[in-house]
Amino acid sequence: MRRYLYLVLVLLSSNSWLNVSAMVLSQNDYLYRIWSVESGLPQISVTALAQDEQGFLWVGTQNGLARFDGLNFQVFNTANTADFSSNFITALHFDKQQRLWIGTVNGLMRFENKTFTRLDRQPLKGGVTSIAELADGRIFIGAAHLYQWQEQQQTLERVMAHHGPVFQLHQQQDALWLGGLNGYALLENDQYQWFGAPEQTAELQVTQIVKQGKDLYLGTNQGLFRYQYEQWQPLPLPGSVGNTRIELLYLDPQQRVWVASYDKLYQLKQGQLTVEDGVLGKPGEFSWVESMLQDKFGNLWLGSHSHGLKRLRRPPTQRFSKEQGINDPYVWAVQPWQHHILAGTNSGISLLQHGQFQPLSANQYLPNLFVYSMLIDGQQRLWVGTRAGLSRLDGKTLEWRRNYNEISHVLVTSITQENDRIWVGTNGGLFYVDNDELHQQQVPEVLRSAQIRIVMVDSQQRLWVGTENGLFLRDGDSFAKLEGMPLSDRFISAIKELADGNIFIGSFDQGFVLGKPKHWQWFTQQKGLPSSGVLHVEQIENQLLISSFQGFYRINYPELRQGRVEQVYMLVDDRRPEAASDSHRCCNGAGSSKGAVHQGRLWYPTLDGVLALPLQQLIQYGPIPQPVLDSLTVSGENYSASSVNLSPNKRDWHFRFTAPFFMHAASVLFRYKLEGYDISWVDAGRRREAFYTNLPPGQYRFIIQVRLASDYRWSEPIGMNVYLAPHWYETATARALALILLLLIFWAVYRWRLMALAKAKQQLEIIVTQRTAELYQVNKKLECMSMQDALTGLNNRHYLDTNIKQILSRSDRSNEPLVWALLDLDFFKRINDTFGHHTGDEILIIVAELLRQNSRDTDHLIRWGGEEFLLVLEHSQDALLVLQRIHQAVAQYPWQQDMGLKQSLTCSIGAVAQLSDWDWQHSLRLADHALYWVKQHGRNGYLLLDISSPAPAELLDENVNITELLAQGKLQATSNKDITEAT
């Protein structure tokens, strides 16, 4: 299948053999990112670069050495690393054994087995300038002299054949070139040969050397030279004046020679220097390149003396924007035209032809230069939707023909063709063109002013209309809104009929649905999509290509039809923070013309020109990050071997891991598993460490995998075997002995227990009898306490809840209504605020005693809450006398003398006689209303409501107005207040 897809893509990419050169689309387009001290780089001057076999980038600066994984810089310097000779790094080199040789201004070091070792017993004069390794493994060091490292003696030995300083070393196979003062030297097969500079040059320092084929290039403090035919040939730098110092010569793996001066970067192509403006970027953004490296992923790294570290990469996509002459980079629509592409921008239509944009002359006649949608119909007419209406152009000559002024007030978002009819969707309704005139007669009222985003005619001649508030379908002659589907009332942004007849409906921010009416499948980010929005969709064989504001991705279509989101791969991922400079931002708009397949490429409109993806990229993948297990830390000790044995007391483990990757490093995802402990993978997300505590002894294997957030593929796992030894008491022998001893103890305890149980049984029976009697007494006491107020000794609410049924039953049997009375002390809060809560508590105790003294044995006295008391009177004949007696007792008590009050304490009482067919809670609520009535009428009084049967219906209202009922004569009452005057 994959081979078949490749053949299809090749045919698509070359579908015009007659004019295959019509679209020239090759260009040098780099994406980049810059790191400086704000990102953790030790210093802005990057002097040397190297990469190890694990993929880490080692960065030498003037303030230390850093190991970089794409996200974090691990810095080594004199402050944190023993035997570090100097923070000023001058040279880096990985030998065949993956040992890192480090040159500084103060000597030579080597990093091996995670340990730095200083190699020069005495500091090299002038510091190390360069390091080189021949094919046989010999290491040479350039400094004030030329040195060779003697591995057996572990010393540096001076090469006496060379005199003077060595500014640069360049190695190829068994040949070693040396840059010196006023010339260079060649050391080959142990033979030394010196090549002096021309006599007219004085104090010439050969600081850079590369050999490309048969040509040797020499970078000096007086310019660039090519040594050819035993002649020093100066090579002028384009755009530079005089003898410009060469800061760097670099031969990349493709055998391209890069030349850096202070402010420019060049490339040698067929012996000619060309300026690489696209590499350094805008003037002043990045300059003074003095180190360079192409890594294992193909990224190009530049180290600057003044601007830090820069990584460049070639993306799979191509951008066509201002550099190609577009009149406005804000592109809203793309439309294939012959072998070229039309781009609708904020400033009209531009034609991308032969790799360059040209504005159309028809732009001057458009009703508005903001072009949002386009369509070339079957009659070769070019329809153009703008912010202010519709235009028609000749599809062959691109000449303007007419405007449709009837809709000059709306934005045309979508255009499609149905036989001879053109449907036009706008943000002010749906229209159609018949006989070159705009109409709405056959458009339902609901769509005549709707905000249309996309219209499509399928193979069954059904018209699909996507609006900002849902989806409509015309099947036959009638339109209907599709209700009950997942995207009902949602912003519909894309509609497409796929090859198998399924309809793809994309929304602005709620995912997409796939299927047919009444048989939809809904896919969202929660189901695995990388983005919630859809701007455009294309089907290429068994893949769907979906664009959104966060980029575009491909997804396996057969799996999607089965309801599974599988093999999702982001081709352009704009979700990461660094995407501004490290991604071709995509995509733009919602409606027609938001993507196209043409000339073997996918085309998308963006806010910075037109983006193209060659279809061959659909069968290609980017590299997968490779995990690195940095260390296992246990009790302050670090382990990095593939197998580790730990003593029994080392039970708490801390694993650190990473994955060197330099494109969207923040999107690298990890998962890990400790085999022997974890049942399944642990999703670590972007976290690069794992913790385990109090592990049992045993054999474990810790494994990790890594992938990009934009890629469904996981890397191969890597791992570390860890054996945790048991304590002596955790061994099998100790456990067996412990088991035997435990069984013996159990047998002895069992025998003793049998004897003890017989004796205890007798004692238990006696104790149970005693305890049962005591428990009964305690329970009775607790029951009384639970229904008693702790402060006053009166009953509490629990008492009422417990006894209300019995109280009501006695009332029914005696055929005598209950009287419910609520008593509240007047201005009690003022007493609390003035004399304190202690005095208030004493007053409540006195009031409780007054209630006992002036009530009957059959009355129920309850502290209802705070300074409020509830009196339930079972015999109502003399209830009024009881209330008057209590009211008088409270008022006549010597409060000023006994309690020091400034004035006598009074109370307010509201009471009601309960009807036989009433809920007692209605009576309690009416008593509360009666109490409220007394307080409204001057307090220090009582009101006893007498309700005749049948009771007025208004009494059941929670907001009953007693005053109105008294005034209307619907309610009778007895009070020490003048009820007539009050009403």
Filtered residues of region 82-129 (kept if loosely packed, with under 15 Cβ neighbours inside 10 Å and hydrophobic (A, V, I, L, M, F, W, C)): Ala82
Check on Ser531, within 19 Å of Cys587 (Cβ to Cβ), touching a His at 6+ places or on another chain (Cβ under 8 Å), hydroxyl-bearing (Ser, Thr, Tyr) and at pLDDT below 95: no
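For region 487-494, check the following and say yes or no: at least one residue is more than 24 Å from Ile415 (Cα to Cα) and at pLDDT below 95.
First, the residues of region 487-494 that are more than 24 Å from Ile415 (Cα to Cα): none.
For region 487-494, residues more than 24 Å from Ile415 (Cα to Cα) and at pLDDT below 95: absent.
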Which numbered condition Leu611 misses (of (1) under 26 Å from Gly281 (Cα atoms); (2) in contact (Cβ under 8 Å) with a residue 24 or more places away in the chain; (3) assigned to a helix (DSSP H, G or I)): (3)
Residue list for region 405-423, filter: in contact (Cβ under 8 Å) with a residue 40 or more places away in the chain and assigned to a strand (DSSP E or B): Val412, Thr413, Ser414, Ile415, Thr416, Gln417, Glu418, Ile422, Trp423
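Rundown of residues vs (1) over 30 Å from Gln626 (Cβ atoms); (2) in contact (Cβ under 8 Å) with a residue 40 or more places away in the chain; (3) of a type in the set (D, E, K, R); (4) surrounded by 22 or more Cβ atoms within 10 Å (Cβ to Cβ), yes/no style:
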{"position": "Gln294", "(1), (2), (3), (4)": "no, yes, no, no"}
{"position": "Ser306", "(1), (2), (3), (4)": "yes, yes, no, no"}
{"position": "Leu309", "(1), (2), (3), (4)": "no, yes, no, yes"}
{"position": "Asp328", "(1), (2), (3), (4)": "yes, no, yes, no"}
Odd one out for Gly506 among (1) part of a loop (DSSP other than H, G, I, E, B); (2) closer than 23 Å to Met570 by Cβ; (3) among the small types (Gly, Ala, Ser): (1)
Tally, over region 146-163, of residues that are assigned to a loop (DSSP other than H, G, I, E, B), touching a residue at least 24 places away in the same chain (Cβ under 8 Å) and within 53 Å of the chain's Cα centre (by Cα): 1
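Restricting to region 426-484, name every residue that is in a strand (DSSP E or B), crowded, with 16+ Cβ neighbours inside 10 Å, among the charged types (D, E, K, R) and in contact with a Leu (Cβ under 9 Å, 6 or more places away or on another chain). Don't jump to the end; show me each part of the working.
Kept after step one, since they are in a strand (DSSP E or B), are these residues of region 426-484: 426, 429-434, 437-439, 452-457, 463-467, 470-475, 478-481.
Restricting the remaining residues to those that are crowded, with 16+ Cβ neighbours inside 10 Å gives 426, 429-433, 438, 452-457, 463-467, 470-474, 479, 481.
In the following step, the residues that additionally are among the charged types (D, E, K, R) were identified as 453, 474, 481.
Scanning region 426-484 gives Arg474, Lys481.
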Residue that is surrounded by the fewest Cβ atoms within 10 Å (Cβ to Cβ) [pool: residues in region 916-953 that are under 60 Å from the mean Cα position of the chain (by Cα) and within 13 Å of Asp824 (Cα to Cα)]: Tyr932
Helices (runs of 4 or more DSSP H) wholly inside region 879-983 that include at least 2 residues being within 26 Å of Arg797 (Cβ to Cβ): 879-892, 920-936
Only one of Ile766, Ile704, Ile740 that is under 22 Å from Lys673 (Cβ atoms) and either of a type in the set (A, V, I, L, M, F, W, C) or out of contact with any strand residue (DSSP E or B) (no Cβ under 8 Å at 6 or more places or on another chain) (or both): Ile704
Any hit, region 245-252, residues being surrounded by fewer than 17 Cβ atoms within 10 Å (Cβ to Cβ) and either more than 20 Å from His170 (Cα to Cα) or within 45 Å of the chain's Cα centre (by Cα) (or both): yes
Asp328, sole failed condition from (1) within 30 Å of Asp377 (Cα to Cα); (2) among the acidic types (Asp, Glu); (3) more than 35 Å from the chain's Cα centre (by Cα): (3)
Enumerated strands (runs of 3 or more DSSP E) restricted to region 335-391, each holding at least 2 residues that are among the polar types (S, T, N, Q), buried (at least 17 other Cβ atoms within 10 Å of the Cβ) and assigned by TED's automatic domain parsing to the domain that holds Asn419: 348-353
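Tally up the residues in region 538-579 that are of a type in the set (Gly, Ala, Ser) and either in a loop (DSSP other than H, G, I, E, B) or under 16 Å from Leu615 (Cβ atoms) (or both), please.
Start the filter on region 538-579 by keeping residues that are of a type in the set (Gly, Ala, Ser), which leaves 547-548, 551, 563, 579.
If we keep only those that are either in a loop (DSSP other than H, G, I, E, B) or under 16 Å from Leu615 (Cβ atoms) (or both) too, we end up with 547, 563.
Residues in region 538-579 being of a type in the set (Gly, Ala, Ser) and either in a loop (DSSP other than H, G, I, E, B) or under 16 Å from Leu615 (Cβ atoms) (or both): 2 in total.
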Those residues of region 120-145 which are within 17 Å of Gln208 (Cα to Cα), of a type in the set (A, V, I, L, M) and part of a loop (DSSP other than H, G, I, E, B), in sequence order: Val128, Ala143, Ala144
In region 580-598, the residues that are of a type outside the set (Ser, Thr, Tyr), part of a helix (DSSP H, G or I) and touching a strand residue (DSSP E or B) at 6+ places or on another chain (Cβ under 7 Å): Asp582
Checking Gln770 against (1) out of contact with any Asp or Glu (no Cβ under 9 Å at 6 or more places or on another chain); (2) closer than 21 Å to Arg687 by Cα, the condition it does not meet: (2)
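Do we find a residue being of a type in the set (Gly, Ala, Ser), within 60 Å of the chain's Cα centre (by Cα) and surrounded by 15 or more Cβ atoms within 10 Å (Cβ to Cβ) anywhere in region 839-846?
In the first step, residues of region 839-846 are kept if they are of a type in the set (Gly, Ala, Ser); the result is 840.
After this cut, where a residue has to be within 60 Å of the chain's Cα centre (by Cα) as well, the list is 840.
Remaining after also requiring surrounded by 15 or more Cβ atoms within 10 Å (Cβ to Cβ): 840.
Within region 839-846 (the criterion being of a type in the set (Gly, Ala, Ser), within 60 Å of the chain's Cα centre (by Cα) and surrounded by 15 or more Cβ atoms within 10 Å (Cβ to Cβ)), the answer is yes, since at least one residue qualifies.
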Hits in region 222-242 (condition: in contact with a Leu (Cβ under 8 Å, 6 or more places away or on another chain) and either part of a strand (DSSP E or B) or at positive phi (or both)): Gly223, Leu224, Phe225, Arg226, Tyr227, Gln228, Trp232, Pro234, Leu235
Which numbered condition Leu873 misses (of (1) under 23 Å from Pro952 (Cα atoms); (2) surrounded by 20 or more Cβ atoms within 10 Å (Cβ to Cβ)): (1)
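The values are calculated or read from the model by the stated rules, or taken from the named source; none is laboratory data. Worth saying up front: this structure is predicted, and the values here are computed from it rather than measured. Note that each Cβ is placed from the backbone with ideal geometry, even for glycine, and that neighbours are counted across all protein chains shown.
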